[in-house]
Amino acid sequence: MNIITSSTVVVPERISRYGLFICLMAALAGLLFGLDIGVISGALPFIAKQFALNDHVQEWIVSSMMVGAAIGALGAGWLSWSLGRRRTLALSAFMFIVGALWSGFALNPKQLIAARLLLGLAVGVASFSAPLYLSEIAPRRMRGAMISAYQLMITVGILSAFLSNIGLSYVADWRWMLGVIAIPAALFLLGVLALPDSPRWLLQRNRADEAEAILQRIYDDSNDVAAEMREVMTQNAQPKQGWGLLRKNSNFRRSVMLGVVLQTFQQLTGINVVMYYAPRIFALAGFSTHEQELWATVIVGLVNVIATFGAIALVDRWGRKPILYAGCAVMALGMTALALFLSAGMTDVTSRLWAVGTLLLFIAGFAMSAGPLVWILCSEIQPQQGRDFGIAVSTLVNWTANMIVAATFLSLLSWFGQVDTFLFYAFLNVAFGVVVFFYVPETRGVSLERIGKNLMAGKRLRDLGELD
Ligand code: BGC
């Protein structure tokens, strides 16, 4: 979902109010992404009850969105090139509205799966285009912050969905839970219609006058406008490549592969097992009423938001790798502790609270590390000429892996039992730490140009951030 960041930082300078409004509107796509991820955990038990669904159909209702998102991410590169970023975002907003209404009114599980597929298309397109648009329109010094802000919006979306799940659970109405998302989606559509086209896209289309006029409204200072125009022209001079570069350049294959591995491991942490099935996990931990389960889930969402601020504060101070090591250790610990509590059986309130604590530990570990950092790294490691392509591939993999994890969780539980399933996720988090050690570069404070040069000179992946 994300594109470009300048790893040196982050003081917003000379951006106009209009520029900030634009960024806020584009980041709203993250909110919708989060709402759609968060809403299903609250709605699923009611849907399952109404239609008497088995685990398999439930898994499909959850994961059809990811199938759509993978397809959407795949098509988004082409759409945003031919229609432009703004119209592509508007299209995704429209699909969000139709998908939300359709899922709210779905007459049977099949329709629900189809509606979630459409919502997925919207999410896939938005999760590629919004950060791309943001990175193209945000001033250089704000790009890193903007990508983190986008992730923050995702977590806020998830939390809002959890809260609306609670409100609506009192009336046991899954249709409202799903349908109500049409309202923020409509606001998003209105906002997107007010956005200008991306100046970089306009320049690629040789529409320099329009691009300059937009930049003048975004930046307060005309020197910044001139500098930005120069930079974009220089970058545009390098032809953008995708498959061709992948076929002929083994160095580019390495960075694409690293993006794929990072996004796969982000999902194998088990984050979305918690996001989609949290109430179910709390039921395993002995919470007896659905309301208790939903409240515990809200706390999960809250910790997810708060810990993301931690990442924003630390990412340019500690660097990427230390944060990822810390995150992997905390996530592995959280999953292991949860497995142990589940195996001990939770008969009293204290042990149930401990179980909630272990999940919160896991979430905090993810939100301060793998959540934002995988997106940031995936945008930093691709060379300029192949950046769109590399990021599209890693975004596609994020959604594919997301789908596989969502579609297999309930089956894993029934094949291996709860304890072994969570221990398995703990193991995967340790493996993630090992991968970080061997393959992930430290990119803090290193320019994108230097990283690209190191890559193309054949340096080891873990050394891509070296300055000599
Ligand atoms: C992940 C999503 C996840 C979300 C949770 C994102 O970085 O890509 O799959 O649901 O974080 O906050």
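The dipole here belongs to the range 327-468: it is taken about the Cα centre, uses +1 on the Cβ of Lys and Arg and -1 on the Cβ of Asp and Glu, and is about 100 debye. Solvent-accessible surface of the range 176-297, averaged per residue with a 1.4 angstrom probe and all protein chains in place: 44 square angstrom.
Checking the a/c ratio against 1.5 first, then a/b against b/c, what shape does the Cα gyration tensor give for the range 296-417? Judged from the Cα gyration tensor, the range 296-417 comes out oblate (a/c at least 1.5, b/c at or above a/b).
Of 64, 250, the residue with the largest accessible area leads and the full order is 250, 64 (1.4 Å probe).
When only the Cβ of Lys, Arg, Asp and Glu is charged (+1, +1, -1, -1), the dipole of the range 267-400 relative to its Cα centre reaches about 240 debye. Cross-link partners of residue 110 among lysines, defined as those whose alpha carbon lies under 17 angstrom from its own and excluding same-chain residues fewer than eight positions apart: 49. Rounded to the nearest 10 square angstrom, residue 468 shows an accessible area of 130 square angstrom against a 1.4 Å probe.
Helix 109-137 and the long axis of the chain differ in direction by around 30°, with both axes built from C-alpha atoms. Using C-alpha pairs below 8 Å separated by at least 6 residues, the relative contact order for the range 404-468 is 27 percent. Between the range 223-289 and the range 35-66, the C-alpha centres lie 26 angstrom from each other. For the chain, the longest principal axis of the C-alpha atoms and the axis of helix 320-344 are separated by about 10°. Once both labels are positioned 7 Å from their Cα atoms along Cα-to-Cβ, the gap between residue 326 and residue 83 label points is 4.1 nm.
Could you work out what % of the accessible surface of the chain is carbon and sulfur, using a 1.4 angstrom probe and leaving DNA, RNA and ligands out of the count? Ligands and nucleic acids excluded, carbon and sulfur give 68 percent.
Here's the picture: charge each Lys and Arg Cβ at +1 and each Asp and Glu Cβ at -1 in the range 333-468, and of 440, 384, 426 the one pushed furthest to the positive end of that dipole is 384.
Per residue of the chain, the DSSP helices (runs of n ≥ 4 H) give a summed -39500 (n - 2.57) that works out to -27500 deg cm²/dmol at 222 nm. Each Lys and Arg Cβ is given +1 and each Asp and Glu Cβ -1; about its Cα centre, the chain then shows a dipole of about 880 debye. Shape of the range 67-111 from the C-alpha gyration tensor: oblate (a/c of 1.5 or more and a/b not above b/c, with a ≥ b ≥ c the square roots of its eigenvalues). For a straight C-alpha distance cut-off of 17 angstrom, the aspartates and glutamates reachable from residue 459 (same-chain residues fewer than eight places away being disregarded) are 380, 442, 449, 468.
Ranking 186, 315, 393 by Cα position along the charge dipole of the chain, where only Lys, Arg, Asp and Glu carry charges on their C-beta atoms, puts 393 farthest toward the positive end.
Per residue, the average separation of C-alpha pairs within less than 8 Å and at least 6 apart gives the range 39-152 a relative contact order of 33 percent.
Accessible surface for residue 190 stands near 120 Å², nearest 10, in the context of the full protein assembly shown (1.4 Å probe). Surface listing: 146, 275 arranged by accessible area from highest to lowest gives 146, 275, probe 1.4 Å. Ordered from highest to lowest accessible area with the whole protein assembly present and a 1.4 Å probe, 113, 61 read as 113, 61.
Over the chain, what is the mean sequence separation of C-alpha contacts under 8 Å (at least six apart), divided by residue count, expressed as relative contact order in percent? It comes to 25 percent, rounded to a whole number.
The values are calculated or read from the model by the stated rules, or taken from the named source; none is laboratory data. Bear in mind the structure is a predicted one, so any value in this text is a computation, not a measurement. As a convention, Cβ positions derive from the backbone with ideal geometry for all residues, glycine included, and neighbour counts pool all protein chains shown. Accessible surface is based on the protein model in full, side chains and every heavy atom, while ligands, DNA and RNA are left aside. Shrake-Rupley method; radii C 1.70, N 1.55, O 1.52, S 1.80 Å.
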